[in-house]
Amino acid sequence: MTKKLQTYLVGGAVRDELLGLSVSDRDWVVVGATIEQLLDDGFQQIGSDFPCFLHPKTKEEYSLARTERKSGSGHTGFVCDFHENITLEEDLLRRDLTINAIAKTIEGEYIDPYGGRADLEAKVLRHVSDAFVEDPLRVLRVARFAARFYDLGFTVHPDTMALMKSLVDSGELDSLTAERVWKEMLQALSTTKPSEFFLVLRECGALEVLLPEVEALFGVPQPQEHHPEIDTGTHVMMVVDKARYLFNTTQVTWAALMHDLGKGITSEDKWPQHICHEINGVPLVKEACQRYKIPKDYLRLSLLVCEHHLRCHKVLEMKPNKILRLLEELDAFRRPEQLKQFVQACEADAKGRMGFEDKEYPQADMLLNCANIAKNVDIKSLQDEGYENLKLAEQIRHLRVSAIRDYI
């Protein structure tokens, strides 16, 4: 590498190292260089708007120091300048949070012009500068960091929360693409406390903009004998965290978020009852998922959990033919992994209630075992007897109902 190039480790790698967390990806900033110099040193260019490069040996990502100037709406409305006279401090100034604006030299010296290390000690998420409001995506990023570092005690600085509220009020969130919002949400579902992501969004007003169906759940009461926590929004947040804690799959955690949307449109004169909320929620789940072009497997699971979670809770009381009908509607024989995720989301729902967190959920094994037994009935013998088409399907159902009855 050309001797006069100055390289610094930056961003999440420095932050996580200071927090004592494992570091997987390392990003570098190069100060005092041009595109031509990096190419001459064997780097591979992978960007055009603000050129990024892969190191010829380590394949780690290197970026030229740059500044940004707002030129339009949204998180892409920027003009980037990456000439060789830009300083490290100018590059760090454009970053979102002070804890992400710390650099480290190759020799191990930290460069922290904006107080990031002090904020790490204070466990606070604070913006670097007022340029924070130029990028609406930062509202979601701060919420995600709040969820990721919740267990470490991090909170959003009041001044940063005020800027987030001003961003929401400006209408800039509407400029975010569906794909970019979903990417942030998806990452949030894998954090240690995904509910904090949605609660921070709610505090700054962004939840009502991004997921009004979820915002509508807060302040809606439920029957206290079944839901000691009473508030539907509180319950859903508990379910989301329970799904993440027990199963740690983003499909199940998302379905947990979607499962009670129907309660948000129950008329107040019917409170705290929510008759048919599982059916009423189906179009809301479709709308929320389609808004962010969510993958089909997420949509499919969310719809099934929304519509059928009450039936899963009652499976111990159901007759064999109704259990089979439920399994058929869940497409359990063709999609066993989907059935497993459905049961997991229902278990999270049952345990995401105050006082029920550690209660056993035998319905899970019951439904999974019934599916396995019904799937493995001897269909070949029926075919050997000459059954086919509708008659064959009818006999298979009889065998499956009988098998489930014997198991019960």
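Name the single residue, out of those in region 349-408 being among the hydrophobic types (A, V, I, L, M, F, W, C) and not in a helix (DSSP H, G or I), that is modelled with the lowest pLDDT. Top of the filtered list is VAL377.
Screening region 128-147 for residues that are of a type in the set (Gly, Ala, Ser) and surrounded by fewer than 20 Cβ atoms within 10 Å (Cβ to Cβ) and picking the one that is modelled with the lowest pLDDT gives ALA131. Among the conditions (1) in a loop (DSSP other than H, G, I, E, B); (2) under 19 Å from LYS183 (Cβ atoms); (3) of a type outside the set (Lys, Arg), the only one that PRO113 does not satisfy is (2).
Residues checked against (1) without any contact (Cβ under 8 Å) to a residue 24 or more places away in the chain; (2) over 29 Å from TRP182 (Cα atoms); (3) assigned by TED's automatic domain parsing to the domain that holds GLN338:
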site: GLN224; (1), (2), (3): no, yes, no
site: PRO228; (1), (2), (3): no, yes, no
site: ALA255; (1), (2), (3): no, no, yes
site: PRO272; (1), (2), (3): no, yes, yes
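The values are calculated or read from the model by the stated rules, or taken from the named source; none is laboratory data. Quick caveat, the model's predicted, so the values are computed rather than measured. For neighbour counting, all protein chains shown are included, and Cβ atoms are generated from backbone atoms with ideal geometry for every residue, glycine included.
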